[in-house]
Amino acid sequence: MQARASQKLMTVGHEQLMALIDHTSAVIYMRDADGRYLLVNREYERLFKLRREDIVGLTDHDLFPQDIADDFRANDLRAFARGFPVQMEEQAPSDDGLRTYVTVKFPLTDAAGHSYAVCGISTDITERKHAEEEVRRLNDELELRVRERTAELEASTRELDAFAYSVSHDLRAPLRSVEGFSQILLEDYSEALEAEARQYLGRIQANVARMAQMIDDLLNLSRATRVELRREHTDITALAGEVVAELRGREPERSVDVVVPDGLVAQGDPHLIRLVLQNLIGNAWKFTVHKPDATIRLAQEQHDGVDVFSVRDNGAGFDMRFAHKLFDPFQRLHSATDFEGTGIGLAIVHRIVTRHGGQIRAESTPGAGATFRFSLTPAPAGWGL
């Protein structure tokens, strides 16, 4: 009676096991120590179009090409030898070519601890492999494009360097000649020249100076784009003090109240940041020229944990409707007769701030001054101009 119950329990257990493995999408099979099939599930039957009763007792060499069967057998023996689950990739033929499977194989042992069979569970990863190959292909294409683009940029940089050299040397020479000869005329022949002629020579010298300044600004714009950016601890207070001292030295007759707080520091390229301060403070100095109580204020504050620096003045200001033009080269919001300049300074500032990963914005009211705020690290979303 007990033996019949035990046999019935074993039968029920086998049926439950087969129901379990037949309702999974993985390929499941068992092979004995000689490589002969003991069991396969429905997914195995479906993929290889074989009936389980026709498979039992056969080996992989009876079912597959020799090279594939050899791989299957070698992996079975590896699982037997190791005595614990092993994972590998295997390939098997199908109607649309070879399919790739990730397979886990583990030995089955008897009561004495001897391995008598190996069980395999294989999951089709062909589509994933195709996707990985496509990603690799796209990455290779992208890497090639990056190399090509880098080569183009390096060539453009060399051309820009050659242009900068030409501007610096070839264009300055004739300008110096024009300035020098006009100065000789004014000094040696001033008494023989009429007042109108002296005025023309003065205008020539003024335009030569303006052209020289434009050359300097273009070179600074080029430098702001191509030089290697070196991030280091930068004393903003000290750099601003140097810029202000230079401005006072050029125009000692002007009285401008400039406030630069102690302790303004940042992580960035000190040479490029000096160009930023030189242009922003220089603009504030220029646009307050008609103010008897001219003031310029530097400050540092935080927005969402990001350090933001500002340069504020009470000068001419500008109409915010045209603020989108501020940082484009050669764009001027004031006439050259009112305020001198080349229209390149703010383009230099924008280029340097952007290279640091920061943003810059401006606020102004005509006649009531302007404030330029900038960061040298990514600013909060929606903060920039």
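Each value in this text was obtained by applying a stated rule to the coordinates, not by laboratory testing. Model, not experiment: these values are computed from the prediction. All Cβ positions, glycine included, derive from the backbone under ideal geometry; neighbour counts span all protein chains shown.
From most to least packed by mean Cβ count within 10 Å, the peptides 180-191, 351-362, 296-307 give 351-362, 296-307, 180-191. Provide the FRET efficiency to the nearest 0.05 for the Val265-Ala131 pair, computing r from the beta carbons and using R0 = 41 Å. E(calc), rounded to 0.05, equals 0.25. What distance in nm separates the two pseudo spin-label positions at Asp293 and Asn139, each 7 Å out from Cα along the beta-carbon direction? Taking the two extended label points, one gets 6.5 nm.
Neighbours of Arg99 by Cβ distance under 13 Å: Lys/Arg scored +1, Asp/Glu scored -1, total -4.
Over every Cα atom in segment 259-324, the radius of gyration and the widest Cα-Cα span, Dmax, amount to 13.5, 37 Å. Excluding same-chain neighbours fewer than eight residues apart, the lysines reachable from Lys325 by a Cα-Cα span under 28 Å are Lys286, Lys291. Coupling constants for segment 129-140 follow from the phi torsions by the Karplus curve (6.51 cos²θ - 1.76 cosθ + 1.60, θ = phi - 60°), and in residue order they are 5, 4, 5, 5, 5, 5, 5, 4, 4, 5, 5, 5 Hz; glycine and proline get x. Backbone amide hydrogens, once placed in the peptide plane, bring Ile296 within less than 5 Å of Asp257, Val258, Val259, excluding anything fewer than 5 places away on its chain. Taking Lys and Arg as +1 and Asp and Glu as -1, the other residues whose beta-carbon sits under 13 Å from that of Glu134 total -1.
Kirkwood radius for segment 16-103, taken over all pairs of different Cα atoms as the inverse mean of 1/r, rounds to 13.7 Å.
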